[in-house]
Ligand SMILES: [Zn+2]
């Protein structure tokens with residue numbers, strides 16, 4: 001009799017080996033954390049003995065479930081903001097909240113919550129990408145699970161690094177600390193091509209290759225990402241990172257939703273593992289990954305939950321169910337991704353995608369004893385036909401729930417017993433998580449009430465301008481007449497420009513907040529002598545700005561109006577659609593105008609004179625605006641006097657004066 005450490009007896013064993021063995025009365029023999037033998041019970045009985053024999057009668061024993069892509073600490077952001085587009089969700093909500101909250105303690109507590117959740121859905125191995133990954137490593141070590149942990153690197157400051165140089169240093173240190181751990185596999189995780197420079201990607205890959213660790217990255221998740229990559233680099237994101245040598249590292253690519261034949265070929269040739277995330281792709285409407293096509297072309301595709309803020313759970317049973325249904329809906333073919341293939345994606349193919357199939361993914365002698373046991377007692381699992389293995393895969397993929405998971409072992413050590421986590425103090429974990437959530441909730445509520453805080457959250461470099469300004473505005477029947485007067489007067493013209501301005505105003509019920517203006521400013525630039533053809537010497541140079549105009553305090557002085565208000569200006573780096581979905585205005589107004597702007601010097605001061613012709617809303621007359629900045633009350637009064645002198649010089653009568661912004665006209 002051979003002595004083992006543990007025997008799981010009389011279960012229905014689903015091996016997921018190459019022959020896809022299923023033993024209706026089977027057993028698993030475990031020694032030193034590895035599988036010593038697996039097979040029919042009659043080959044175990046009398047041959048092996050152990051002090052610890054677990055009766056698994058009526059249980060389904062499968063390889064531990066592999067979650068190929070997630071961001072575990074984001075469990076603390078679950079349900080915070082949903083039903084948004086990816087950019088608004090990520091840049092408008094997740095990243096600002098992360099900048100404020102993601103500290104080592106947040107990471108640890110969010111991780112423990114996720115580990116409990118994952119164990120309860122039968123997950124034994126997961127592949128992560130986040131910040132302060134060393135905290136995740138410690139939690140994984142304590143909980144006894146297995147994970148690939150990628151320290152995220154971004155081209156801009158992240159919660160744990162001010163620059164990507166720092167991010168790379170951090171990653172190197174993390175790798176050296178955890179490299180020899182039996183269950184924690186450190187990795188390099190450049191977040192995505194669109195958040196990385198070529199230099200970042202190249203250096204991240206070199207680090208992964210030097211250290212012999214995996215590289216984890218998001219690739220081709222949205223159509224927009226692919227479109228912009230073609231525009232900027234002339235290559236798909238996959239072709240671009242391939243050109244940079246990224247795939248020389250053992251790569252795990254999350255998503256790969258928008259991939260073409262060439263991309264798939266690159267993935268296969270470089271043995272890039274793909275993590276398919278059906279819930280996340282559907283919820284964020286990123287699209288449907290051509291899973292069937294990738295698998296047929298020899299790409300190893302696993303399944304991931306993605307982070308719990310975009311899913312919103314880490315239930316792999318739900319995920320593999322959806323993967324199968326989505327493949328059928330996508331291809332219009334009900335035979336696409338049958339249950340067996342789908343279950344393989346959550347086990348052996350997932351292990352291959354993570355480059356860990358030498359250790360896990362199937363129940364075979366020599367592999368680590370990572371095992372999930374499902375109870376078959378619940379009404380939805382009855383009956384279980386015995387027509388062939390397909391009945392079992394069908395139950396696992398289409399029927400089983402996370403709540404059917406009964407026991408979990410990793411390296412032969414039991415981590416979940418009768419649905420109780422043995423290595424995690426779940427009571428404490430839940431209490432801690434709820435406590436952190438209260439402060440996150442308060443932060444978001446506060447931020448949503450203040451337009452300035454919302455603006456600062458997405459444009460940290462926002463600049464405050466002009467606290468005081470003096471302005472007059474008047475209707476003029478003929479703008480060319482005014483131009484003639486400016487040019488013939490003794491006013492010294494410093495600059496003149498012509499521009500078309502498309503302004504979209506976001507207006508809010510609470511007027512005390514001010515309003516937001518998104519401006520597309522098309523300045524016409526002259527290139528003298530470029531060509532004799534009419535118009536050839538003109539270029540349009542669009543500039544986009546986002547301005548928060550605070551509520552104004554007005555004081556009239558002579559004919560001028562002295563305005564005091566805050567004005568925060570940021571370059572508008574996102575689309576109008578992004579800002580609309582992010583700020584959610586109560587009303588919107590558009591103003592389009594042609595503006596001829598003169599900068600003149602009068603009495604040693606720089607005045608702006610705008611000659612405006614509104615085309616939307618169309619206004620018959622033109623407008624003149626005279627503006628000057630000031631910094632104090634006394635100076636304001638002096639300049640208001642100068643503005644009045646200018647009005648007289650340009651022959652503008654007092655009756656023509658109007659008050660307010662164009663948006664209010
Ligand atoms: Zn992700």
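The values are calculated or read from the model by the stated rules, or taken from the named source; none is laboratory data. What you see is a predicted model, and the numbers here were worked out from it, not measured in a lab. Cβ placement follows ideal geometry from the backbone for every residue including glycine, while neighbour counts extend to all protein chains displayed.
Within the stretch 549-568, can one find any residue that is at pLDDT 90 or above, touching a strand residue (DSSP E or B) at 6+ places or on another chain (Cβ under 6 Å), surrounded by 20 or more Cβ atoms within 10 Å (Cβ to Cβ) and assigned by TED's automatic domain parsing to the domain that holds residue 501?
no
Which numbered condition trips up residue 162, out of (1) in contact with a helix residue (DSSP H, G or I) (Cβ under 6 Å, 6 or more places away or on another chain); (2) closer than 27 Å to residue 447 by Cα?
With respect to (1) in contact with a helix residue (DSSP H, G or I) (Cβ under 6 Å, 6 or more places away or on another chain); (2) closer than 27 Å to residue 447 by Cα, residue 162 is out only on (1).
Restrict the check to the stretch 288-302 and report whether at least one residue is touching a helix residue (DSSP H, G or I) at 6+ places or on another chain (Cβ under 9 Å), under 29 Å from residue 374 (Cα atoms) and surrounded by fewer than 24 Cβ atoms within 10 Å (Cβ to Cβ).
Taking every residue of the stretch 288-302 in turn, at least one turns out to be touching a helix residue (DSSP H, G or I) at 6+ places or on another chain (Cβ under 9 Å), under 29 Å from residue 374 (Cα atoms) and surrounded by fewer than 24 Cβ atoms within 10 Å (Cβ to Cβ).
Is it the case, given these coordinates, that residue 262 is touching a residue at least 24 places away in the same chain (Cβ under 8 Å), more than 15 Å from the ligand (Cβ to nearest atom) and surrounded by fewer than 18 Cβ atoms within 10 Å (Cβ to Cβ)?
yes
Quick check, is residue 233 assigned by TED's automatic domain parsing to the domain that holds residue 193 and touching a strand residue (DSSP E or B) at 6+ places or on another chain (Cβ under 9 Å)?
Judged against the criteria, residue 233 is not a match.
Which of the residues belonging to the stretch 133-159 are under 18 Å from the mean Cα position of the chain (by Cα) and surrounded by fewer than 24 Cβ atoms within 10 Å (Cβ to Cβ)?
Those that are under 18 Å from the mean Cα position of the chain (by Cα) and surrounded by fewer than 24 Cβ atoms within 10 Å (Cβ to Cβ): 154, 155, 156, 157, 159.
Would you mind telling me which numbered condition in (1) away from the ligand (no atom under 16 Å from the Cβ); (2) within 39 Å of the chain's Cα centre (by Cα) residue 19 fails?
Here residue 19 clears every test but (2).
Among the numbered criteria (1) within 26 Å of residue 132 (Cβ to Cβ); (2) without any contact (Cβ under 8 Å) to a residue 24 or more places away in the chain; (3) away from the ligand (no atom under 16 Å from the Cβ), which single criterion is violated by residue 90?
All conditions are met except number (3).
Here are 626, 652: which of them is more than 52 Å from the chain's Cα centre (by Cα) and assigned by TED's automatic domain parsing to the domain that holds residue 556?
652
Being free of Cβ contacts under 8 Å to residues at least 60 places away in the same chain, closer than 18 Å to residue 252 by Cβ and not in a loop (DSSP other than H, G, I, E, B) is the filter; apply it to the stretch 285-318 and report the residue that is farthest from the ligand (Cβ to nearest atom).
295
Taking residue 83 as meeting all but one of (1) modelled with pLDDT of 95 or more; (2) surrounded by fewer than 17 Cβ atoms within 10 Å (Cβ to Cβ), write down the number of the exception.
The single condition residue 83 does not satisfy is (1).
Looking at residue 398 and the list (1) more than 30 Å from the chain's Cα centre (by Cα); (2) more than 19 Å from residue 125 (Cβ to Cβ), which single condition is not satisfied?
(1)
Given the conditions (1) in a helix (DSSP H, G or I); (2) touching a residue at least 24 places away in the same chain (Cβ under 8 Å), report the number of the one that residue 169 does not fulfil.
(2)
Can you spot a residue in the stretch 106-119 that is touching a residue at least 24 places away in the same chain (Cβ under 8 Å), away from the ligand (no atom under 16 Å from the Cβ) and part of a strand (DSSP E or B)?
No - not one qualifying residue is present in the stretch 106-119.
Picking from 475, 447, 485, 431, which residue would you name as being touching a residue at least 40 places away in the same chain (Cβ under 8 Å) and under 36 Å from the mean Cα position of the chain (by Cα)?
447
Does at least one position in the stretch 591-606 carry a residue that is closer than 21 Å to residue 551 by Cα and at pLDDT 95 or above?
Yes - at least one qualifying residue is present in the stretch 591-606.
Filter the stretch 61-78 down to the residues that are in a loop (DSSP other than H, G, I, E, B), more than 12 Å from the ligand (Cβ to nearest atom) and under 18 Å from the mean Cα position of the chain (by Cα) and list them by number.
78, the sole residue that qualifies.
Answer yes or no: is there a residue in the stretch 582-601 that is more than 45 Å from the chain's Cα centre (by Cα), in contact (Cβ under 8 Å) with a residue 24 or more places away in the chain and either in the same structural domain as residue 487 (by TED's automatic domain parsing) or farther than 26 Å from residue 485 by Cα (or both).
Yes: the stretch 582-601 contains one or more residues that are more than 45 Å from the chain's Cα centre (by Cα), in contact (Cβ under 8 Å) with a residue 24 or more places away in the chain and either in the same structural domain as residue 487 (by TED's automatic domain parsing) or farther than 26 Å from residue 485 by Cα (or both).
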